[in-house]
Structure formats: C-alpha cells, structure tokens
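Peer 1: Mind looking over this structure? Questions follow.
The values are calculated or read from the model by the stated rules, or taken from the named source; none is laboratory data. Everything numeric in this text was worked out from a predicted model, so none of it was measured. We place every Cβ from the backbone using ideal geometry, glycine too, and count neighbours over all the protein chains shown. For the accessible areas, the whole protein counts, side chains as well, though only heavy atoms, and no ligand, DNA or RNA atoms are used. Shrake-Rupley method; radii C 1.70, N 1.55, O 1.52, S 1.80 Å.
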Amino acid sequence: MNPPAVGIDLGTTFSAIARLDETGRPVTLPNAEGDLTTPSVVLFDGDDVVVGKEAVKAMATEGERVADCMKRDMGAREYHKPVDGATYPPEVLQAYVLKKLRDDAARQIGPFDRAVITVPAYFDEVRRKSTQDSGYMAGLEVLDIINEPTAAAVAFGFQQGFLNARGEAHAPQKVLVYDLGGGTFDVTLMEIKGTEFTTLATDGDVQLGGRDWDQRILDFVVEEFLKQHRHDPRFDPRTDPNTAGALWRECEDAKRALSARKKASVTCQFRGEALRVEITREQFQNMTRDLLDRTQFTARQVLRAAQLDWGAVDRVLLVGGSSRMPMVVDMLRQLSGKEPDTSVSPDEAVAHGAALQAGLLLAKGAGRAPAFRIRNVNSHSLGVVGTDPQTQRKRTAVVIPRNTTLPVKARRTFKTQKDNQGSIVVQIVEGESASPDACTPIGACVIREMPPNLPARSPIDVEFRYATDGRLTVQVAVAGDRVVQQDIARENSLSREQLDGWKKRIAG
Ligand code: AMP
C-alpha cells in the first residue's frame, strides 16, 4: 500500500494535521477529541504527558506543569520556564505535540512515519533545524520543512484549480500572503504561474501574534482590577500562574468574541474579589493599534523588497487564526485597495498545503511527475564572521543575502592570518547586521588538519549550500585544493545521543 501523504502545521497555539485522500484532495484529520485543530499545549502529569485541550484546561489549576507557546522559544537551548520542576528544550515539547498529532492520525489512516512539517517563512536556520529535530524525536521522517505561507498559497492554488491538468491556462497571479497566527507573523509575496509557486520576498516577526493581542486585553483588565484595590501589588492576578492562566483564557475568548460582536466582557477573580470588565471593539483596536501597525510596516517592507507596489498584487490572502480580526481585514483593504481573500480556511490551509507537498514528494520518489513546483527564498542573510583588515574589528561577511532563490550555492574567499596556521574556525551567523554580535549564531566549522607550511594570507574558500528546506551545509577548501565537508558544530542543538534518548522517552 502507498504511504499516506501527511502534512503538519505545527502552530504556536494550535496545530493541525492533514492527508491527501484517494482523489488527491487534502483533508484535515480530527484529533481523538474530534477537533480539527489541537492546542499546542503540553501538561506533565506525573509519568503521563497530555497534549491538547485537557492540557489547556490544566492551565487554570496546574499552571506550573503546563508548557505552551513553545514555538516562540525554538532555537533556544531551553524552554523559558521549568515545567513540573524540570527544564526542557523547546523542540522536545514540540515533539510531544507532534506525537499526539501522529498517534491520533494513525488511528484513522494506519501507522505512518513520513510527513512534511511547516514553519513560519521567517524562521531562521537554527529554528528550522530544531523543528526537524522535533519531528525526529516524535518518530517521524521529515520529508521536507516548508514555509507556512507557501503551504497556504499551494492550498489556495489547489482550491482555485491551478493544480489541475488545465491549471497552466490560468493567468499568473501575485499573491500577498498575510499570516498572523497565535505567536508568529509572516508576510510573503508569491507568484503563482501555472503550477509554479515562487516566493518573491518574505519578512516577518517570530515574536508577534494573537497572544500579544490577548496580552493587551489581559493587561487592561488587570489594570481595572488593580484600580479597585488602590494598585496594591498583592492584588495583581498576574502574579499567580493559575489565575493568570484562567484569565488569559477568558481574554482570548473575549478577543474572539470581538471579531463577531462590538462588545465583550471578561471577569477577573482573585483573592475572593471579582470584577467584570467590558471592552468594546473600538477600545480593543485602540489598545492594539501599534501591533497592527507593525504588521502593516512589514507588509510594506515585503513589497519594497520585491520592488513592487500594491497595484501589482492580484490578491491578498489571509491566513492564521488572528487574521479573522476585523481590524486586520480593514487595514489590508485600505492598504491594498482590494478586498482581502478569505477563501481558504485560516486554520487548515497550511496543513493542507503541507499534505499536497508530501504527496508531491512521495509521487516524485515513486518516479511520477510532480503536480507543481515550489521555489523559495531564504528569509535571512547567511554569512561568516570575518575580521576587517583595516580596523581589525569583527564584522559579518554575507555569503548568501536574504531573499535569494533556493537552492543556492555561494562561495567567499578569506585569508589565513599567519604563517603555518594550525587551525581555522569558520563561525557562521544569520542576520542582517554588520556586527556579528547582533546576528544569530548558527555554529562553527573547525578545521584542525591544515596543510603544513602554508604562508600567511593563503586562501580559504568557504562554500555555503542552502537547500530548499532552508537547511545549510558548508564546505571549506584550504589553499585551493583540500575540500573538507564540514559538520557544523551547532550552538544550541541537541546531540544525536540526546535526540535518541528523547525519542525513546517520548515514544513511551
Ligand atoms: P493559528 O496559530 O493560526 O491557529 O492562530 C491561532 C490564533 O488565532 C490564536 O491567537 C487565536 O486566539 C486567534 N484566533 C482564532 N480565531 C479568532 C477570531 N475569531 N478572532 C480573533 N482571533 C482569533
């Protein structure tokens, strides 16, 4: 039997899993609770690890045992707080979410181990690697890591009939994908030409999402509550994790309600006191205007990077649960002069696109012609740390500038510093700053076996290969001939042994 084509949207607040049915159409697989999306929340309950709705409920009573928003910490060594007294790498917590999605899906479609997982376009190399590691620890063979907006555009293209035999007949379209999820934000400009999906430019913010809108309501409600108690800090419900968890749920509910109604209320209960706070849609918009402005700024930047104006954009496609907020739709309507397209399901489009990509890769593996093609760009510049010969200061030497079409191979030549140099350390960084300290460190390639008797200023060729999944490999050639295929010694990554240890533990 053919393996199923499975795609996973591993979201900050919610995750979803989809497969292609017998006719090649993507369908979302409900979880064991019957829901199409699963909260990306993990509860450690003794030896039991519970993921999803039940874990969300526990936030109000056992906050210290619950982890949420792990995606925001991806790339860091540890999740930002201990969970049930223990520290966890964020990718391990994400692996538990993947395991739940996988187990629940397997009950419906039988056991499988291959899947495509999506990440925000703005995720850097380190965060992509962590996501791949999460897949590995959940017992998955990660076929590909693709960008969420690309996946959404593919799902949109499928829905519009672009991927049919006659899809080629469609006129090319430039689609701006505005993806505001629970914790991350991306804007990507794509061109759909027949069955080719090309990313023209992308930008975003991995620390901006629906959670920030929730937080503003929460802060407002707390402020009102504190006013009643003469700003006595003992009456700040944020100081108690359980109360804060329960209050956050209320505020998120109110936010959703404000997408449909003009008014909503939140009840704050703490230390035997209760206060019902009413919020109008207008108040909500005012208290979050700067957040919305940040997304608007990014959308403009993306067009600028692609050297296009709004007139060249055929469609504005809304993705991510938070794009349901009327303020988002209004802002984009005004900015683009077009009615934003809400035709794809913001919660499911990304998983559907990932399943379509999984189907494509499995078909390719079986020798069949792919139905479409994705062309992607890198969202951050990649470079190495060099020394300015004049100032002797450290500075970033860009090897692959951002928004370069992938895959790409690029090379730069550096010089040894002294005669008979014993080793070379090539430090790899990602980011836009000329100062390496302001960039994200990826890791280093260390070459210890240098050819003997090399004079100072001998050439060192550093070649970067950046694959379509946004993963990097590096080759270093010293004095023109010796090419060393290098493993990057990574800064914040789990070792193979650690990954295998966690994999066993997560499998239970
Ligand atoms: P995603 O990561 O794409 O699943 O997006 C989840 C985010 O969308 C969360 O912050 C939700 O609170 C938010 N969200 C979902 N539905 C709505 C809605 N109707 N109005 C406002 N925000 C929503």
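Peer 1: From the set of residues in the range 162-198 that are polar (S, T, N, Q) and at pLDDT 90 or above, which is farthest from Leu332 (Cα to Cα)? Working first, answer last.
Peer 2: Just the residues of the range 162-198 that are polar (S, T, N, Q), to begin with: 164, 173, 184, 188, 195, 198.
Subsequent filtering for residues that are at pLDDT 90 or above retains 173, 188, 198.
Details: Gln173: 18, Thr188: 14, Thr198: 22 Å.
It comes out as Thr198.
Peer 1: Now for a different question. Checking the condition farther than 24 Å from Val126 by Cα and not aliphatic (A, V, I, L, M), which residue from Gly34, Gly75 passes? It would help to see each step written out before you state the result.
Peer 2: Numbers: Gly75 fails: farther than 24 Å from Val126 by Cα.
Testing whether each residue is farther than 24 Å from Val126 by Cα and not aliphatic (A, V, I, L, M) leaves just Gly34.
Peer 1: Now a separate question. Restricting to the range 220-239, and then to whatever is more than 10 Å from Cys268 (Cβ to Cβ) and touching a residue at least 40 places away in the same chain (Cβ under 8 Å), can you tell me which residue is farthest from the ligand (Cβ to nearest atom)?
Peer 2: My answer is His229.
Peer 1: Just for the range 117-131: of the residues that are outside any helix (DSSP H, G or I) and farther than 20 Å from Ala358 by Cβ, which one is farthest from the chain's Cα centre (by Cα)? First the steps, then the outcome.
Peer 2: So in the range 117-131, the residues outside any helix (DSSP H, G or I) come out as 117-124.
With the extra rule that they be farther than 20 Å from Ala358 by Cβ, the set shrinks to 122, 124.
Values: Tyr122: 7, Asp124: 9 Å.
Looking at residues that are outside any helix (DSSP H, G or I) and farther than 20 Å from Ala358 by Cβ, I get Asp124.
Peer 1: For residues in the range 251-271 being away from the ligand (no atom under 11 Å from the Cβ) and in contact (Cβ under 8 Å) with a residue 24 or more places away in the chain, which is farthest from Val329 (Cα to Cα)?
Peer 2: For the range 251-271, the residue satisfying everything is Arg271.
Peer 1: Could you list, in sequence order, all residues of the range 96-131 that are of a type in the set (Gly, Ala, Ser) and either out of contact with any Asp or Glu (no Cβ under 7 Å at 6 or more places or on another chain) or open to solvent by 20 Å² or more (accessible area, probe 1.4 Å) (or both)?
Peer 2: Passing the criteria: Ala105, Ala106, Gly110, Ala115.
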